[in-house]
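Below is one structure, written out as structure tokens; comments come after it.
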Amino acid sequence: MDLNAARMFVAVAQAGSLSAAAARLGIPLPTLSRRIRELEQQLKVQLLERSARGTRLTEAGTRLYEHAGRGIEALQEAEQAVVSDQARLKGRLRLSLPQTFEPWWDLLAAFQRRYPDIQVHVYSTERRMDLVEDGIDVALRVGAIVHDAMVARRVLSFRNVLVAGPALVERLGLPAEPEDLHRFPCAVWSTRIDVPARWDVDRHVIVPKAMLTANDYHLLCSRALAGDVVTELPPFLAAGPIREGRLVPLLPRHPLPEWPIHLVYPPHRHPSAIVRAYLDFCRGYLPNVVRACEIGAAG
């Protein structure tokens with residue numbers, strides 16, 4: 001059954017005439033008459049008896065109205081609920097974030113202060129999630145985008161920084177060139193235990209003496225602060241300890257590669273109001289995130 005035609009039929013039954021229903025629906029009377037005739041032909045029954053005094057439901061029309069009227073009313077209530085929720089931005093937002101990306105935690109807190117009725121669900125993982133299959137609205141991705149079917153907005157970039165604790169530097173000295181890292185105990189970020197960890201230090205590929213590999217930058221930071229290792233840290237994790245003298249930046253003239261950061265989401269023709277609000281809020285809040293990443297790099 002054509003639901004739009006059924007909606008028109010219900011309007012006629014409620015208004016009592018075709019002309020009154022056409023005015024209520026805001027459509028031409030001939031169009032309404034044609035759609036009702038098509039509905040009758042589809043169902044192979046007469047739904048309305050037309051007279052000079054208006055229209056009257058046939059027995060079949062009465063039965064259809066009893067059932068269709070409830071369905072159309074339920075659809076209208078659902079539509080009103082969705083429109084109301086979108087207007088008040090009430091609902092859920094499902095996000096995927098990389099682990100330890102702390103500047104985005106502040107962004108999310110500010111976003112929820114702006115929109116307190118939005119529930120935010122965060123999946124913090126280094127795994128490349130399938131946004132459609134896993135039900136993710138927007139993902140924050142570090143590195144190159146490999147899924148061409150997704151929409152990707154580049155929002156910023158940063159470079160990790162090599163650091164060590166003052167005690168380790170005092171004991172072994174400062175490295176002058178990337179090759180000097182071979183004489184230091186190192187801790188390296190990695191998600192693979194079967195692939196040797198590598199550092200691309202100013203286009204010098206270094207295979208460090210990795211006494212520890214982990215996919216948790218907080219663990220690497222802790223070991224560097226303890227004076228055990230040289231490691232790489234995101235600038236927003238290294239900034240505070242560097243300013244406080246608890247970490248020493250190494251090889252500042254030999255930077256690590258730049259990492260692009262993208263907001264990625266499925267290519268819906270009409271993203272929900274909540275997703276649009278989140279993307280717009282991220283764009284406005286980005287200067288704060290950029291400052292958090294630049295301070296560490298400059299330190």
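The values are calculated or read from the model by the stated rules, or taken from the named source; none is laboratory data. Just so it is clear, the model here is predicted, and its values are computed rather than measured. Here the Cβ positions follow ideal geometry from the backbone for every residue, glycine too, while neighbour counts run over all protein chains shown. Please note that ligands, DNA and RNA were not included when accessible areas were found on the heavy atoms of the full protein model with its side chains. Shrake-Rupley method; radii C 1.70, N 1.55, O 1.52, S 1.80 Å.
Within the accessible area of the chain, what % is carbon and sulfur when the probe is 1.4 Å and the other protein chains stay in place?
Here carbon and sulfur together make up 51 percent of the probe-accessible area.
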> Using a Gaussian network model of the chain with C-alpha springs under 10 Å, which one of Leu172, Leu95, Leu256 is most mobile by mean-square fluctuation?
Replying inline: Leu172
> Hey, can you rank 13-24, 218-229 by average C-beta count inside 10 Å, highest first?
Replying inline: 218-229, 13-24
>> With every atom except the alpha carbons ignored, what do you get for Rg and Dmax of the chain, in angstroms?
In response: 31.1, 104
>> Nearest 500 deg cm²/dmol is fine: what mean residue ellipticity at 222 nm does the chain get from its DSSP H runs of n ≥ 4 alone, each adding -39,500 (n - 2.57), divided by its residue count?
In response: -14000 deg cm²/dmol
> So what are the ³J(HN,Hα) numbers for segment 192-204, from phi and the Karplus equation (6.51, -1.76, 1.60; θ = phi - 60°), rounded to whole Hz, Gly and Pro as x?
Replying inline: 10, 8, 9, 10, x, 6, 9, 10, 9, 9, 6, 6, 9
> Taking θ as phi - 60°, what are the ³J(HN,Hα) couplings along segment 257-263 by the Karplus curve (6.51, -1.76, 1.60), each to the nearest whole Hz, with x for Gly and Pro?
Replying inline: x, 7, 10, x, 10, 10, 8
>> Could you identify which residue out of Thr55, Thr100, Thr125 has the top mean-square fluctuation in a GNM of the chain using Cα springs shorter than 10 Å?
In response: Thr55
> Say we join alpha carbon atoms closer than 10 Å with springs in a Gaussian network model of the chain; which of Leu251, Leu57, Leu108 then has the biggest fluctuation?
Replying inline: Leu57
> What ratio of Cα Rg to 2.2 N^0.38 Å holds for segment 116-157?
Replying inline: 1.28
>> Leaving out ligands and nucleic acids, and using a 1.4 Å probe, what accessible area per residue does segment 129-273 come to in Å²?
In response: 51 Å²
> Helices from the chain with mean Kyte-Doolittle at least 0.5 and a Cα length along the axis of 30 Å or more, per DSSP H: which?
Replying inline: 273-298
